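Notes to accompany the following structure.
The values are calculated or read from the model by the stated rules, or taken from the named source; none is laboratory data. None of these values were measured; they are calculated from a predicted model. Quick reminder, even Gly has a Cβ in these numbers, built from the backbone with ideal geometry, and neighbours come from all protein chains shown.
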Amino acid sequence: MYPVLLRIGALEIRAYGLLLALSFLIGIYLSVRRAKSRGIDPNHIMDLSVILIVSAIVGSRLLYVLFHLDEFRGHWLDTVNPFQSDGQIGIAGLTVLGGIVLCFISAVIYLRMKKLPFYKFADVLMPAVGFGIFLTRIGCFLNGCCFGLPCEGHGHLCVTFPLNSAAGSQFPGVPLVPAQLYSSLYGLIIFIALLLVERWKKFDGFLLAIFLILYGIARFIIDIYRYYEDSMVILPMGDRGISLNQGISIIFVLAGIILLIIGYNKIKRTAAGKVSS
């Protein structure tokens, strides 16, 4: 685990921050290339990317804070101030799904204001989102956050994190499921899958629908093996219950299925109209 990749005096290059920045830069590059080949003005992608970067960070932080209020009680400025009251520099504590949800909302608002087609732009951007998940979850692993549950007998698949990490302090000396690496893997799989299925795209919003379904299913499954505080459980069931992120994942899957149904029904109606005329 390497949370700090490079230290020059007081300056630290942290693994998570670097990989998060790379995911945005590579994502913008991929999206601009895809936009050009689809007749979309790359400037719109650049403008939208700035909005999405801000939305991703704000949404991730907001959702984390909402479900960890006790952590900030008495020092609320720590929710937004990178210079924390305990001396730490940087904002620790993000819930990725909050960022994804706010990105969707911000994109809809921006594209409607500009009178641009949301679904067409979404299809351009979705592969980059998958690749971004792939990179940032490697950062999570190097940082020792977003970790899994104790392995319970599957030591060859598990990782023991150092004591100075979030995972190691919560479970000192205990092998844990490397949920971050599994999450990184499904991000890469989603990225490749979206590029492959695009050849069967019949309507705008197709890649968005496939992303929502694949990401929702993968995230729900991985979160079965991921550690969460009790505050993140929204539906207690048995020993653990359904987490907030799993609840959002279910909504994503349902939304993706609905988009597919609407898209294919629209194609059928269009085809039927041509036949009748």
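Here LEU20 meets the list (1) of a type in the set (A, V, I, L, M); (2) at pLDDT below 90; (3) in contact with a Cys (Cβ under 8 Å, 6 or more places away or on another chain) almost entirely, failing just condition (3). Would you confirm, using the coordinates I've provided, whether ILE189 is touching a residue at least 12 places away in the same chain (Cβ under 8 Å), out of contact with any His (no Cβ under 8 Å at 6 or more places or on another chain) and closer than 17 Å to LEU97 by Cα? The answer is no for ILE189. Candidates in segment 169-209 are the residues that are of a type in the set (Val, Ile, Thr) and more than 30 Å from LEU116 (Cβ to Cβ); of these, the one that is surrounded by the most Cβ atoms within 10 Å (Cβ to Cβ) is VAL177. Pairs only if they're at least six apart or on different chains, beta carbon under 8 angstrom, first in segment 244-259 and aliphatic (A, V, I, L, M), second not in a helix (DSSP H, G or I); list them, first residue then second. Here the result reads LEU244/PHE67; LEU244/THR95; LEU244/VAL233; LEU244/ILE234; LEU259/GLY205, each pair linking segment 244-259 to a residue that is not in a helix (DSSP H, G or I). Just so you know, in segment 78-97 the residues that are buried (at least 19 other Cβ atoms within 10 Å of the Cβ) and in contact with a Phe, Trp or Tyr (Cβ under 7 Å, 6 or more places away or on another chain) include one that is modelled with the highest pLDDT, and it is THR95.
Only a single criterion out of (1) over 23 Å from LEU62 (Cβ atoms); (2) at pLDDT 90 or above is not satisfied by GLY247, namely (1). One residue stands out among those in segment 118-153 that are without any contact (Cβ under 8 Å) to a residue 60 or more places away in the chain and assigned to a loop (DSSP other than H, G, I, E, B): the one that is surrounded by the most Cβ atoms within 10 Å (Cβ to Cβ), which is CYS151. For segment 221-267, residues that are of a type in the set (Asp, Glu), over 20 Å from VAL101 (Cβ atoms) and assigned to a helix (DSSP H, G or I) total 1.
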